[in-house]
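So the structure is just underneath, and the comments pick up after that.
Rule-based calculations on the coordinates, nothing more; no lab input. All values reported here derive from a predicted model rather than from experimental measurement. FYI the Cβ positions are ideal-geometry reconstructions off the backbone, even for glycines, and counts take in every protein chain you see.
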Amino acid sequence: MTMQRVLGLLLVAVLVVLAALFMRLATTPAVVKPVPSVASETTPETSPPIPVVEKRKVLVARKVIHAGQFIDKSDLAWGEMDVSGYNWISSSDYSLSQFAGSVAIDSIMANTVVPYDALVRPEQHGFLAAVLAPGMRAASIPVNDVTVGAGLIGPGDYVDVLLTFYANSDRGAWSMAQGGDINMLTNKTLVTGVRVIAINRRSLADPEQELGRKLTTATVEVSAEGAQQLALAAHMGSLSMTLRSQRQPGSDNEQMELWVGDIHTASDQLKPKPGLVLMRGQQTQVVGFSQEDDNTNDNDSNDDDKG
């Protein structure tokens with residue numbers, strides 16, 4: 001009896017232990033092993049490198065600059081700006097005075113960095129091309145102190161270009177130098193209201209350059225047709241320029257032509273008398289009849305009529 005009781009107690013104890021283990025397992029949460037994602041197994045994407053931006057003292061526009069505009073020192077300034085790359089102008093390489101008279105190729109907004117290739121300085125090639133308006137040409141003509149207004153006409157002025165020549169001559173400027181029939185001397189306005197962009201090497205960028213030197217060439221801004229007219233006219237006679245008012249610089253299309261007879265009828269008395277024309281090389285001589293010969297011929301004609 002005692003043995004049975006002991007076995008019963010042991011069985012009860014085992015059952016209690018098993019029940020306790022079961023209860024513990026039932027209340028313990030299951031551990032879920034994470035499933036590896038596809039993204040975690042792949043190599044992470046690399047983002048592009050961020051450009052290095054530095055603060056530098058560079059050239060900036062103080063105001064809006066338009067394409068084709070001439071630059072004054074007051075239009076520019078040095079400013080601390082965030083820049084990258086190489087298309088900017090450093091204060092360590094240039095001074096503001098070096099950009100005075102430059103021409104802007106592109107428009108530049110106020111308070112922005114001036115790109116290195118946005119300005120053309122006067123000493124650089126392509127300066128005059130940047131000065132020209134779209135569709136226009138730069139035509140150079142020979143001038144002297146008289147034909148260019150005694151040096152009073154300069155870059156930036158607006159002028160008319162006139163041609164003086166002998167209408168019956170096929171020798172152009174040589175005929176003017178040698179003289180000819182004054183009644184055939186004429187003056188014609190070729191182009192009107194054109195802008196002077198250079199005198200010798202004086203340009204709009206530096207109008208004071210070469211002042212006092214001998215004037216030989218004037219460069220004007222004309223249309224393609226006007227450039228052809230000036231190139232041809234330079235071999236026909238003498239070209240001169242007349243200054244226009246600043247209040248009316250534009251073209252008025254006055255293509256005037258004037259003859260000597262329009263100025264004074266006394267020029268008819270300067271006509272050579274009819275006679276034999278002798279030409280020796282480049283010299284021309286008119287051998288006329290004397291007044292006595294003319295009177296003799298008239299008297300002979302009257303005698304014949306009486307007879």
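Structure above, values below:
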| read-out | value |
| --- | --- |
| Theoretical FRET efficiency, 1/(1+(r/R0)^6), r = Cβ-Cβ of A133 and A167, R0 41 Å, to 0.05 | 0.75 |
| Highest-first arrangement of 17-23, 190-196, where packing means the average Cβ count within 10 Å | 190-196, 17-23 |
| I89, I108 arranged by Cβ crowding within 10 Å, fewest neighbours leading | I89, I108 |
| Spin-label pair A231/L243, simplified geometry with 7 Å Cα→Cβ offset, distance in nm | 3.1 |
| Chymotrypsin sites (Phe, Trp or Tyr not before Pro) within segment 67-124, DSSP loop, no more than 10 other Cβ atoms inside 10 Å | Y86 |
| Gain upon complete extension [A77, V64; 0.36 nm per residue less C-alpha separation] | 3.4 nm |
| Over 19 Å [Cα-Cα, segment 54-129], rounded percent | 27 |
| Interchain or long-range residues, amide H under 5 Å from T112's placed H | A61 |
| R0 of 25 Å, Cβ-Cβ distance S107-S47: FRET efficiency to nearest 0.05 | 0.10 |
| Amide H partners (placed H, <5 Å) of L76, local residues excluded | R62 |
| Listed peptides 5-11, 127-133, 137-143 by packing density, highest first (mean Cβ within 10 Å) | 137-143, 127-133, 5-11 |
